[in-house]
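The structure appears right after this line, and notes come after that.
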Amino acid sequence: MVEIRFHGLGGQGAVTLVRLLALAGDKAGWYVQAAPFFGAERRGAPVKTFLRFSESPIYRVSQIYRPDMLVVMSDSLLDLALSDGVREDTVLLVNDAMDSESRYAGLPFRAHLVDATSIAMDLGLEVEGMPAVNIPVYGAISYVSNLVSLEVITEVIRENISGPRLEKSMEAARRGFTSVREVRKKGKAVRS
């Protein structure tokens, strides 16, 4: 089983992201389980969501305390996300500018960055003035996790997004997929 925990801010699309990933996982042949967890439903409030992928039916019904992958949709939530629990081999994906790499170089596990905010703003994917970073992160998760291909991701976008946002969303997912960078550990060379 692969367990992913997401930390975002209300309005960034974390709940929608997990729903789309669950649809993609199902389409790719996985058993999936998705669950949101949030307090006050307001724009800008912290939101947590959980997603499980498995080759067999999933019977576990709980929050994810030690995820295989941790997705942080706002770098302002990094400390909170890490304090909620990780493992030595957790893979981290953070929406942050590429020049912030030094902030993550000392972490004991693999960390990846995607500037989903810039992608969303460049494509005009905003909701009430807040960048909708979920679709660029959707593409980035495809790249980092290898759980679902970019082709499946775009197929789910076609089936669930319409109108003028469709083409922008397809491009946002593609840019998210192609712009992920793995943080280089101090003294170690890693793939990018």
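The residues of the range 53-70 that are within 20 Å of ASP26 (Cα to Cα) and touching a helix residue (DSSP H, G or I) at 6+ places or on another chain (Cβ under 9 Å), listed by number, are PHE53, ASP68, MET69. Let me confirm something: among GLY11, GLY39, GLY44, GLY85, which residue is more than 12 Å from the chain's Cα centre (by Cα), modelled with pLDDT under 95 and closer than 26 Å to ARG184 by Cβ? One residue alone meets the criteria, GLY85. Each residue in the range 54-87 was checked for being surrounded by 12 or more Cβ atoms within 10 Å (Cβ to Cβ), more than 21 Å from GLY8 (Cβ to Cβ) and among the aliphatic types (A, V, I, L, M), and 1 of them qualify.
Got at least one residue in the range 185-192 being in contact with a Leu (Cβ under 9 Å, 6 or more places away or on another chain) and either hydrophobic (A, V, I, L, M, F, W, C) or surrounded by 13 or more Cβ atoms within 10 Å (Cβ to Cβ) (or both)?
Yes, because at least one residue in the range 185-192 is in contact with a Leu (Cβ under 9 Å, 6 or more places away or on another chain) and either hydrophobic (A, V, I, L, M, F, W, C) or surrounded by 13 or more Cβ atoms within 10 Å (Cβ to Cβ) (or both).
Comparison of THR117, THR178 shows that the only residue that is touching a strand residue (DSSP E or B) at 6+ places or on another chain (Cβ under 6 Å) and polar (S, T, N, Q) is THR117.
Looking at this structure, is TYR143 among the hydroxyl-bearing types (Ser, Thr, Tyr), part of a helix (DSSP H, G or I), crowded, with 23+ Cβ neighbours inside 10 Å and at pLDDT 95 or above? So TYR143 fails the test. Inclusion of LYS48 among residues that are within 20 Å of ASP96 (Cβ to Cβ) and among the charged types (D, E, K, R) is warranted.
Restricting the range 88-103 to residues that are modelled with pLDDT under 90 and of a type outside the set (Asp, Glu) leaves a set whose member that is surrounded by the most Cβ atoms within 10 Å (Cβ to Cβ) is ARG103.
The values are calculated or read from the model by the stated rules, or taken from the named source; none is laboratory data. This structure is a prediction, so every number in the text was calculated from the model and none was measured. Positions of Cβ are generated from backbone atoms using ideal geometry, with glycine treated the same way; all protein chains shown enter the neighbour counts.
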